[in-house]
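Derivation of every value follows stated rules applied to the coordinates shown; laboratory data play no part. Computed from a predicted structure; not experimentally measured. All Cβ positions, glycine included, derive from the backbone under ideal geometry; neighbour counts span all protein chains shown.
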Amino acid sequence: MLIKTGLIISTLLLSNNAFSLSGQVAPQKCQSQRVKLQMLGTRGPELLDGQASTGYLIWLDDRARVIVDAGPGSLQRFKQSKANFEDVDMMLFTHFHADHSADFPSYIKGAFFTDRKKDLAIFGPTGTKFATSASEFAERAIGSEKGLYPYLGAFLDPKQHSAYKIKVKDIPWSFSDLTVKQVSNKDGIRVTTVSTHHGPFPSQGYRVELAGCAISFTGDMSGRLGEMPTLAKNSDILVAHNAVPEDATGVAANLHMKPTYIGKMAKQANVKKLLLTHLMGRSLSEKRKQESLNLIRKNFKGNVSFPNDLDVIRP
Ligand SMILES: [Zn+2]
């Protein structure tokens, strides 16, 4: 008898003890020569911005280990990066808007032609009526029963044969619990997360620690809950989404943080490098970038840059 893979996935929800409160990490010098952050997509969802939608790749010792978001076009950048998908341990999804996740099925299809044997961990927030959970997203994308591409369902279904399995874990998302939680700690890579405010859409910020370095990602967020500085504290790199200018109002301001807030957040978190990505038409002209920089530098005195696709940044 067929068992619904959705039920199987739901049993993979992380137990409470897997989400132990993160303690302070013992200070360790960042071995920056071992770590690289590569941009797979530095823009938002627009069609005329010339770069891919959101995606990031973290390398350790010249192996690609963590993918953050899989927006449209970011898979093409992954191919150009010459990374091997067999090396990737996990994909962290900040949220399930199309410009952060639509390339996921294509990664899985492409991986069919690799020698991948180890399981692939997928992390993302739980859902609401506005967005799927990580497990629903995977099921609706490639599940053998209700997937858009059911022919890829064996990678999710433990009953079917496949070279490796995709293990999806939903991170409990909530406005009322903004504590930093650990979602993974194995093979030299530790990941912690916090729920963020991105309008009504469940979204997570992430911090990835490896070789003594810390790289944090805001994802899309408004910042109104002040949730990010604790997660990003003392990060070597903070990737912040600069999707709106200071004069944004209404829906845009409810979804995204303004430059002044980005500067305050980076200062409060005491990060070393601040990368501004997810630029959109309203924030990516040279004039707008200069405005954003001026506002950010009123509070944050560290290194600030606007990377482009495929750029590599060392912590
Ligand atoms: Zn979004």
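Okay, here's what the table says:
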read-out	value
Options S216, S203: the member that is surrounded by 24 or more Cβ atoms within 10 Å (Cβ to Cβ), within 15 Å of the ligand (Cβ to nearest atom), in contact (Cβ under 8 Å) with a residue 40 or more places away in the chain and not β-branched (V, I, T)	S203
Residues that are small (G, A, S) and in contact with a Phe, Trp or Tyr (Cβ under 8 Å, 6 or more places away or on another chain), drawn from the range 77-126	A83, S101, G110, A111, G124
Residues located in the range 243-277, provided they are in contact with a helix residue (DSSP H, G or I) (Cβ under 8 Å, 6 or more places away or on another chain), more than 12 Å from M228 (Cα to Cα) and within 15 Å of the ligand (Cβ to nearest atom)	A243, V244
Answer residue from the range 278-293, given it is in contact with a strand residue (DSSP E or B) (Cβ under 8 Å, 6 or more places away or on another chain) and assigned to a helix (DSSP H, G or I) and is nearest to the ligand (Cβ to nearest atom) among those	S292
Subset of the range 258-292 (residues that are over 20 Å from G219 (Cβ atoms) and either buried (at least 19 other Cβ atoms within 10 Å of the Cβ) or in contact with a Cys (Cβ under 6 Å, 6 or more places away or on another chain) (or both))	R288
Those residues of the range 48-104 which are among the aromatic types (F, W, Y), away from the ligand (no atom under 16 Å from the Cβ) and crowded, with 24+ Cβ neighbours inside 10 Å, in sequence order	F78
Leading residue by the ranking (nearest to M90 (Cα to Cα)) among those in the range 135-177 that are without any contact (Cβ under 8 Å) to a residue 40 or more places away in the chain and part of a loop (DSSP other than H, G, I, E, B)	S162
Residue in the range 119-127 that is more than 16 Å from the chain's Cα centre (by Cα) and more than 16 Å from the ligand (Cβ to nearest atom) present	yes
Residue selected from the range 221-232 under the condition within 14 Å of the chain's Cα centre (by Cα) and not in a loop (DSSP other than H, G, I, E, B), by the criterion surrounded by the fewest Cβ atoms within 10 Å (Cβ to Cβ)	L231
Residue in the range 233-241 that is surrounded by fewer than 20 Cβ atoms within 10 Å (Cβ to Cβ) and either among the hydrophobic types (A, V, I, L, M, F, W, C) or out of contact with any strand residue (DSSP E or B) (no Cβ under 6 Å at 6 or more places or on another chain) (or both) present	yes
Unmet criterion (only one of (1) over 17 Å from I166 (Cα atoms); (2) assigned to a helix (DSSP H, G or I); (3) more than 15 Å from the ligand (Cβ to nearest atom); (4) not polar (S, T, N, Q)) for Y107	(1)
Sole residue being more than 16 Å from the ligand (Cβ to nearest atom) and over 16 Å from the mean Cα position of the chain (by Cα), chosen from T192, T179	T179
